[in-house]
Amino acid sequence: MQQKTDFLVIGSGIAGLSYALKVAEHGSVTIITKSNEDESNTKYAQGGIAAVLYNGDSHQKHVQDTLIAGAGLCDEKIVKIVVEEGTARVKELIEIGANFDKKPGGEYDLAKEGGHSESRILHYKDTTGYEIERALLNKIHNHKNITVYDHYFAIDIITEHHLGKEVTSKTPDINCFGAYVLNTRTGKTETILAKTTLMATGGAGHVYATTTNPIIATGDGIAMVYRAKGHVRDMEFMQFHPTSLYNPNENPSFLISEAVRGYGGVLRGIDGKEFMSKYDKRESLAPRDIVARAIDTEMKIRGEDFVYLDCRHLDRKGFIEHFPNIYNKCMNSGIDPFKTMIPVVPAAHYLCGGIIVDENAKSTINNLFAVGECAATGLHGANRLASNSLLEAVVFAHRAALLAIKSVKKTEYNQNIPDWDAEGTDNPEEMILITQSKREVQQIMSNYVGIVRSELRLKRAFDRLEILYKENEALYEKTTVSPKLCELRNLICIGYLIIKHAMLRKESVGLHYMVKYEK
Ligand code: FAD
Ligand code: SIN
């Protein structure tokens, strides 16, 4: 079955939805998304969206904070674009109906997070992402040109490769003609032909055993583009959030927002002693890479599985007003934050690297844009500044839309695309092979490619992953496609890219921290 659309959007988080609304006046838009339409990293964003909105703050300060957090590897031109255009994009979110908390006087209640020199985080309680996603979907549902297909899983983008031509990473003009997508309700793989395609598939937290990301975050878009011979970068920079609620039985891990530290929460060891002052003068509000590494070090020195976040001294009423979701979660887990300290551990949270795009979100493949967490714009460098990612997504969704609107006018559908070839494949004999391999990937990545790395650990991870890669490719060749099989394939690809990029970067920088041993 073949369908045609002017604008194909893969993913329904902030990146995909913001872009869809912008292009919808200029042609037909098809959004495909692999789970419920609101399921996304976006939905779980807590802290908020960083933007310069009051006179005491300035674009210059926000640029500077971003550059410092990025440890010298940010693209300064991109940082300026995001910060300077971000204010207008955030105002658009407000115009479409996203609510952000205000003070009694009517001005926005701007919070502070690690690495920010000013209070500039716009938030809706501690459920900012849920609110943004709600507002965007509400607009999407009311637009006649937009169709949302939920429970549709994108397997691969379509390029010249599917017309029998040889395509390599050096091929100069690869074109994207749409995507093969699995309707998970019927089990049929359909062809969507598109004049232009947006990859907005989000992050890849589930390549690690412990993550704050919902289960959709399996790096599908990055893996699809890599397989199609598009270029990726900065994959070694996986950000671990310092404070997820310690509960080994819960996956994903529940996030305790950095805004709680911004509100006065203090990190302490199991002995109750504050320890961040040993590591950084900004203490609990140092940038994330520093805090996560300090926690990791403390846990290793003491042989403990967690540290504490102490909120007992904070104003109870204010805390509950600002963080109702976190408060309820703690109480339901038997932790009253005003009586006991909250046990926390770092968890994989945000992938700074991804699909290489230019300043208009154009990838290295023609007619293929990438926006949001799956893209690498150059904004984050070696470490993302807190609450900069929602901002990045709206800025680049806007820029991608402007260019995509122009490019659909000059592009025709490719009419020669064959249907999905399922010949020689059958249902898997044992699903356990897939679930067990996924666990193995996550264990390899967590044990050897976590917050602290070494050449030896990376080599070991590479060798172990290679075995899984070979096994899974053999399985993929003979098995009917399913989300679980494809996600495993994508996770193996993401793991490989993280390890490969980590091996190439010999020195420690930002989120990539290498220990060296004497020979
Ligand atoms: P997502 O919102 O993850 O959306 C990806 C979409 O793609 C989903 O709809 C998914 O189902 C779909 N998809 C994926 N693969 C496929 C496929 N193969 N086929 C079809 N559909 C597919 N950032 C901030 O700036 N501020 C915060 O306060 C903040 N808090 C966070 C808290 C948590 C717990 C988490 C996990 C992240 C947080 N982040 C925060 C990061 C931020 O939420 C994400 O980076 C951002 O929302 C990513 O948006 P996105 O649109 O790129 O991807
Ligand atoms: C948080 O609320 O701590 C998450 C913010 C972010 O990831 O940007």
_I'm trying to understand the selection: among the residues of region 53-83, which are away from ligand 2 (no atom under 16 Å from the Cβ) and either farther than 30 Å from S508 by Cα or part of a loop (DSSP other than H, G, I, E, B) (or both)?_
L53, Y54, N55, G56, D57, S58, A71, G72, L73, D75
_Could you check region 125-172 and list, in sequence order, the residues that are away from ligand 1 (no atom under 13 Å from the Cβ), in a loop (DSSP other than H, G, I, E, B), at pLDDT 95 or above and under 29 Å from V232 (Cβ atoms)?_
T159, G164, K165, E166, V167, T168, S169, K170, T171
*Kindly provide the set of residues from region 441-487 that are of a type in the set (V, I, T) and either under 20 Å from the mean Cα position of the chain (by Cα) or part of a loop (DSSP other than H, G, I, E, B) (or both), ordered by number.*
V441, V449, I451, T480, V481
*Would you be able to say whether some residue in region 299-318 is under 24 Å from the mean Cα position of the chain (by Cα), closer than 24 Å to G48 by Cα and within 14 Å of ligand 2 (Cβ to nearest atom)?*
no
*Just a yes or no: is a residue in region 403-424 within 27 Å of C74 (Cα to Cα), in contact with a strand residue (DSSP E or B) (Cβ under 7 Å, 6 or more places away or on another chain) and of a type in the set (A, V, I, L, M, F, W, C)?*
yes
*Please find, among I498, I494, the residue that is more than 16 Å from ligand 1 (Cβ to nearest atom), within 29 Å of L17 (Cα to Cα) and in a helix (DSSP H, G or I).*
I498
_Could you check region 288-307 and list, in sequence order, the residues that are open to solvent by 10 Å² or more (accessible area, probe 1.4 Å) and closer than 22 Å to A111 by Cα?_
R288, D289, I290
_Selection count, region 254-284, where residues are in a loop (DSSP other than H, G, I, E, B), touching a residue at least 60 places away in the same chain (Cβ under 8 Å) and in contact with a Phe, Trp or Tyr (Cβ under 8 Å, 6 or more places away or on another chain)_ = 3
_So, in region 1-20, exactly how many residues are assigned to a strand (DSSP E or B), touching a Lys or Arg at 6+ places or on another chain (Cβ under 9 Å) and surrounded by fewer than 21 Cβ atoms within 10 Å (Cβ to Cβ)?_
1
*State all residues of region 378-407 that are open to solvent by 10 Å² or more (accessible area, probe 1.4 Å) and more than 24 Å from D126 (Cα to Cα); if no residue qualifies, say none.*
H398, R399, L402, L403, I405, K406, S407
*For region 62-71, name all the residues that are of a type in the set (A, V, I, L, M) and open to solvent by less than 10 Å² (accessible area, probe 1.4 Å).*
V63, A69
*What are the residues in region 37-61 that are open to solvent by less than 20 Å² (accessible area, probe 1.4 Å) and within 30 Å of T147 (Cβ to Cβ), if any?*
S40, T42, I49
*Return a yes/no flag: does region 21-44 have any residue that is assigned to a loop (DSSP other than H, G, I, E, B), closer than 25 Å to I81 by Cα and at pLDDT 95 or above.*
no
*Give the residues of region 199-217 that are closer than 17 Å to P483 by Cα, within 15 Å of ligand 2 (Cβ to nearest atom) and surrounded by 24 or more Cβ atoms within 10 Å (Cβ to Cβ), sorted by residue number.*
G202, G203, A204, G205, A217
*Top-ranked residue of region 72-126 - restricted to ones that are polar (S, T, N, Q) and within 23 Å of V291 (Cβ to Cβ), ranked as surrounded by the fewest Cβ atoms within 10 Å (Cβ to Cβ)*: S117
*Output yes when any residue across region 40-51 is touching a Phe, Trp or Tyr at 6+ places or on another chain (Cβ under 7 Å) and either within 16 Å of ligand 1 (Cβ to nearest atom) or among the charged types (D, E, K, R) (or both), and no when none is.*
yes
*Considering only residues that are more than 9 Å from ligand 1 (Cβ to nearest atom) and among the aromatic types (F, W, Y), look in region 218-264 and name the one that is least open to solvent (accessible area, probe 1.4 Å).*
F237
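The values are calculated or read from the model by the stated rules, or taken from the named source; none is laboratory data. None of the values given here were measured: they were computed from a predicted structure. All Cβ positions, glycine included, derive from the backbone under ideal geometry; neighbour counts span all protein chains shown. Keep in mind that these areas ignore ligands, DNA and RNA; they rest on the heavy atoms of the full protein, side chains included. Shrake-Rupley method; radii C 1.70, N 1.55, O 1.52, S 1.80 Å.
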